[in-house]
Structures are given as structure tokens and as C-alpha cells.
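Please read the structure below before turning to the comments.
The values are calculated or read from the model by the stated rules, or taken from the named source; none is laboratory data. Computed from a prediction, not measured in an experiment: that's the story for all the values here. Here Cβ is always computed from backbone atoms with ideal geometry, including for glycine, and neighbour counts include all displayed protein chains. Note: accessible area is taken over every heavy atom of the protein model, side chains too, but ligands, DNA and RNA are not part of it. Shrake-Rupley method; radii C 1.70, N 1.55, O 1.52, S 1.80 Å.
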Amino acid sequence: WRIDPGTPVEAVRARLRGEPGTSVDITIERDGVEGENTLSIPRNVIQVRDVKLTTFIGKPEDGIGYIQLSGFAANAGNEVRRSIFALQQAAEEASGGEHSLQGLVLDLRGNPGGLLTSAVDVSSLLVPKGSEIVSAKGRGFPGVSYRSRVDPILDPKTKLAVLINDSTASAAEIVSGAVQDLDVGVIVGSGRSFGKGLVQNVEELPFDTALKFTVAKYYTPSGRCIQSTNYKEGGGLGSSDGKYQASKVAEKDKKMFYTTNGREVKDGGGILADYKVPAPKASALEVTLLRSGIISDFASEWSKSHQITNNFEVDDATYRDFQNFVMQKQKEGDIKLDALYARPIEDLKKALTISGYQGSSKEVDQLRANIMSEMRKDFDKYRKDIKEDIGVGILSRYLPESMLIERSIKSDVQVAAAANLVSNEGKFNALLARENTVDANNNKIALSEDDNFDKDTGAKLSLKW
């Protein structure tokens, strides 16, 4: 049985899967290796770890730990528990017993969520015993509240920062919301999280299908629901007013709630970062190169004639080879550098042609040429970022995922900002509105006087008790 380009993924999956303990023979063609090779792969139950990396930021003796959590499967709580214990022990050993873990950065960026119970398990490791973590209410759904019944394994003296972005959703927002509302840590990011405050069940249906349906909304400890989208029954014959309509929660409809320390937080729009750090924006050229898969293609060609070395970096010669590779693929039609703009440009040209504006149509062709010229210049303008992408593409053929992540966080500005924040006790306590906040010089810190604080923070000090 051979796989061709038209073979459905489901058919391949059905052939590969089988009883644990049995094996399957796979014949493959590999870049850089002549002919076909047959491998015998044992079948087993595979558990994908949710914790992708546990390490230190900077020197271990500084005691600033980092955990990247990518999901909330059934074992997420145990994985995070083991990671925290490992960091605490390593910090004590590195400092000669002087101190344990000083700060922890929990990275939930890009985490789509998972099991509600796993979110409760992870939160219980961080919040005080007896704290409400999340509650759920729904029509025909019995109200339920989840509380922490154990002492947190993270020492209250350990400063906690949680990294989020607009892809942090669902169960990841439960953890973020509990940390923010209970004032046990600072939320760091460029803006808001996704805003999915719905509890859903899955019902199996015939023909290997299933139905996911919403049964309730969940609420953070302060009582707010962070669901960012409202759904209501519509009506009408037009496509814009179908059976159901979705709309974002308007700013005027958002209600105010208060954290344990009296900071103001709002519902209806995800979790807003307490400490804002802009995320680097990729250029149009970089986005096109990443989406096209051409970096992976180049890495395959590179690996045929090169050997990886210690402290590997993409040098100028390799970068020139990559540019030539891209230009050749552009000539052959395998990649379009103006792919991000091709569709709107074609639509504009078609509309101008229909309208009889031939002169303007020619100017559109000139516009396309100008865009291509500008994007070629971006190879020099964004050389550093594209070199890093090429390096990751090549190293991914030799290194495990955890080592690639560890390499990437060294140049991650948001990780660096979070690490600096948990190292600065004065600023950290000021963000959480903790009483008698003082800096290293024993001076009281006022939120309104610190120029580094963003005016649009996720939570601010409220004197309305």
C-alpha cells in the first residue's frame, strides 16, 4: 500500500494505528539519502507532554524559573507540579542553599486551553488554599464552584509572572484569571487574551463524528465572565442576518470588578495584561516565507551538503544562498513573495478593467512591481529576523523541540521583560497594589509616578471600597 499526494490523511492514520505492542513497517524517502529505507516502528500509547520546557532564565543561582505550558490535558497539573519542584530544588543547589526559587515565568502564550479540571489543578499549585478558582453557571446547568483544597507548592515569596497573548484561551484564561483576581502574580503581554469564557461538552455521534455544544459560562474569582463574543438568535433572509449572530462585547457594556487587593478589572474581553510588553511584529516578507514552507525546503537542501556544528549560526554566505534559493523558486513559480497582496491587487485590477479604467489598470501592474522591489529590500532590512528563522528551520532537523524553545527564549523580549519584572520587587508589588510598597532605596513607589507603567493596564488600583 503506497501513499500518493491524493491519499487522505484519515486513510494514512488508519494504516499506522493499531494495537499497542505491535509494529508497523514504513518505507520512506529521505532527503540526502539515496533510495528507499524501511523502518519498523513499534506502536504504543503516546502521551504528548503539555510542559514543553522547564529551565532557568539567566543564571540558575539567580533563581528565575521558566515553564512553557502548551495545553491542559489530563496530566497538565502533575507536569507543572514536577517542573516547579525541579526548579525549586535546582535553585537551592545553585545558590548553595541560600534561597529557593525567586521568581517564576509561566508562559501560556498560544495555549488554546483544554480540560477545566486541569486548569483547576494548575491553579491550585499557585493560589492560597481555600481560594475560589473558577465557577460555572448555565441554563439547565447546575452551578458549580471550584476551590483550591491544598496549600500551593509555589512559595508565596516567589514572584509569579504569567505570559499571555491573543491566542491564550479557555482553560489557560482560567489560570490567568485566577492569578490576576487573587493578586498572586502579574499578567504580562501585549494586550488581551482570546476571551473564551464558555464551558462545552462533547457528544459522540454516528460515523466517527461528534458535536461540541456550550452548556455554561465560567467566571473568575472576582465574579467576571471574560467571554468576548455575544451570540444571539437572528432572523431574516440575508446572509448577514442568519439564524444566529455574533458580536464583540462593546466597551460600554463591560462591567467593573475588583481583585483581592482592590484593583479594577473588567469582564467581557478576555484577560487584559497588567504589564504591557509589545510583541515583535513580523515583516510581510518574513510572514510570506514562513507560510510558504520555503525555509523548510531550504533546510532540506542545506542539510544535504553541510554538517551541523556546535554553536551553529546562519552566516552571511548561508543567507546569500537562501536569497538565491528564494529568487529561483520565485522564477519557477513555486513561491510568490507578494502573496499577501496578490488577491486584493487582482481584485482591484479586475474591478478597474470592468469599469474600463485601462490607465489605472496599468498603474496596478506598476504597483505590483513596486511591492516586489520593496520586499526584496526587506531581505537586508529584516536580515536578523530572517536569519533566526533559517537557523530554527535547520536546527529543527537535528534538535528536539525543547532545545529549540530554549534557544528562542534567549532573544524573546517578552520573556526578558517578565524576568526583569519578577527580579524587581518594588515594581512587582506596585503592580499588584500591595501595601507599603518600597523599592531598593526604601522609597515608596506610587503607580501614577512610574513612567514605565502603561496607562491601559489590565488592573489598576481602586480606592472605591
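A few comments on the model shown:
- Looking only at segment 410-423, and only at residues there that are surrounded by fewer than 17 Cβ atoms within 10 Å (Cβ to Cβ) and more than 12 Å from Ala161 (Cα to Cα), the one that is nearest to the chain's Cα centre (by Cα): Val413
- Any hit, segment 25-37, residues being at pLDDT below 95, part of a loop (DSSP other than H, G, I, E, B) and touching a Lys or Arg at 6+ places or on another chain (Cβ under 8 Å): yes
- When segment 26-44 is filtered for residues that are in contact (Cβ under 8 Å) with a residue 40 or more places away in the chain and open to solvent by less than 70 Å² (accessible area, probe 1.4 Å), only Gly32 remains.
- Identity of the residue in segment 394-409, farther than 23 Å from Lys59 by Cβ and either among the polar types (S, T, N, Q) or in contact with a His (Cβ under 9 Å, 6 or more places away or on another chain) (or both), that ends up least open to solvent (accessible area, probe 1.4 Å): Ile394
- Residue, nearest to Leu160 (Cα to Cα), within segment 85-123, restricted to residues that are in a loop (DSSP other than H, G, I, E, B) and over 27 Å from the mean Cα position of the chain (by Cα): Ser100
- Wholly enclosed strands (runs of 3 or more DSSP E) of segment 170-239 bearing at least 1 residues touching a Phe, Trp or Tyr at 6+ places or on another chain (Cβ under 8 Å) and among the basic types (Lys, Arg): 229-233
- Enumeration of residues in segment 53-84 that are open to solvent by 50 Å² or more (accessible area, probe 1.4 Å) and either under 15 Å from Ala172 (Cα atoms) or more than 24 Å from the chain's Cα centre (by Cα) (or both): Lys59, Pro60, Glu61, Asp62, Ala74, Asn75
- Test: residue in segment 362-372 that is in a helix (DSSP H, G or I), open to solvent by less than 80 Å² (accessible area, probe 1.4 Å) and over 19 Å from Ala342 (Cα atoms): no
- Within this structure, Arg109 passes the test of being touching a residue at least 40 places away in the same chain (Cβ under 8 Å), buried (at least 20 other Cβ atoms within 10 Å of the Cβ) and among the charged types (D, E, K, R).
- Residues within segment 244-288 that are open to solvent by less than 20 Å² (accessible area, probe 1.4 Å), touching a Lys or Arg at 6+ places or on another chain (Cβ under 9 Å) and assigned to a loop (DSSP other than H, G, I, E, B), tallied: 8
- Selection count, segment 119-144, where residues are at pLDDT 95 or above and open to solvent by 10 Å² or more (accessible area, probe 1.4 Å): 10
- Yes/no for Arg147 being charged (D, E, K, R), open to solvent by 10 Å² or more (accessible area, probe 1.4 Å), at pLDDT 95 or above and under 26 Å from Val277 (Cα atoms): no
- Every listed requirement among (1) of a type in the set (A, V, I, L, M, F, W, C); (2) open to solvent by less than 30 Å² (accessible area, probe 1.4 Å); (3) at pLDDT 95 or above; (4) out of contact with any Asp or Glu (no Cβ under 8 Å at 6 or more places or on another chain) is met by Val188 save one, (4).
- Val175 in contact (Cβ under 8 Å) with a residue 12 or more places away in the chain, surrounded by fewer than 19 Cβ atoms within 10 Å (Cβ to Cβ) and among the aliphatic types (A, V, I, L, M): no
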